[in-house]
Amino acid sequence: MKSTTFLSLTAFLATGFFQAASADGYFLQTDVGGRTQSFVASTSRGPLSFGLNLSNYEGGRSGAISATYAFPVEGVATFKLGPTVGFERDDDGRRGAEAGARLAVDRWTGTSFGSTYILAEASTVNRSWFLLGQVTFTEANIGIELSRGGSDDYHETTLAVQRRLGGGPVSLRLGYKLSSEELFAGFSINTF
């Protein structure tokens, strides 16, 4: 029975249901506010993605690294799964690190006015999660995003506007963190 299941799964995968990820590139973003600063980096090549995020906030610093493998489901979304390691350090010198698993689901859709992008992530490290919705208007070179994220000890809702500079991958960002009532500015580079 097990060999029949294995052969069925192999035949299913061979039909091309799971295609290799088609978007190779990298994404860098940094945001700076009066009380918090953050940096996000990710790169993808084929089905492999690697990520890093760092945050500096009142009371400490935190971050995570991850490596994921993509399972695109055509017409639905791309599912990414893999290991992650999170780390924290507070201003009193206490440190901690935790290994776990990360799952992400994202979908980019071209539209008549530009594009939409949705992202949902969850990690077993600190039971963290993140949701993002973004609408981009090509004619105006402007994107608007709303995000909500949280973990065992932090929650934030963010509204941001970004403007792409010329036809290149660089955008300037301006936003507001609703939960902590903080303005921030930053930039991103997106080659996807």
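The values are calculated or read from the model by the stated rules, or taken from the named source; none is laboratory data. Predicted model only: the values in this text are computed from it and were never measured. Glycine gets a Cβ as well: all are built from the backbone with ideal geometry, and neighbour counts include every protein chain shown.
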**OP:** State all residues of region 116-143 that are more than 13 Å from the chain's Cα centre (by Cα), surrounded by 14 or more Cβ atoms within 10 Å (Cβ to Cβ) and modelled with pLDDT of 95 or more; if no residue qualifies, say none.
**Re:** THR116, THR124, VAL135, THR136, ILE142, GLY143
**OP:** Please go through region 58-75 and pick out each residue that is loosely packed, with under 15 Cβ neighbours inside 10 Å and not β-branched (Val, Ile, Thr).
**Re:** GLU58, GLY59, ALA67, TYR69, GLU74, GLY75
Original post:
With respect to GLY110, is the statement that it is among the small types (Gly, Ala, Ser) and either surrounded by fewer than 16 Cβ atoms within 10 Å (Cβ to Cβ) or in contact with a Leu (Cβ under 6 Å, 6 or more places away or on another chain) (or both) true?
Top reply: yes
Original post:
Taking region 71-113 on its own, how many of its residues are within 16 Å of SER123 (Cα to Cα), under 13 Å from the mean Cα position of the chain (by Cα) and of a type in the set (A, V, I, L, M, F, W, C)?
Top reply: 5
Subject >> Qualifying positions in region 87-143 - over 28 Å from PRO72 (Cα atoms) and aromatic (Phe, Trp, Tyr) >> reply: PHE87
Subject >> Of all residues making up region 120-140, the number that are closer than 29 Å to GLY167 by Cβ and among the polar types (S, T, N, Q) >> reply: 3
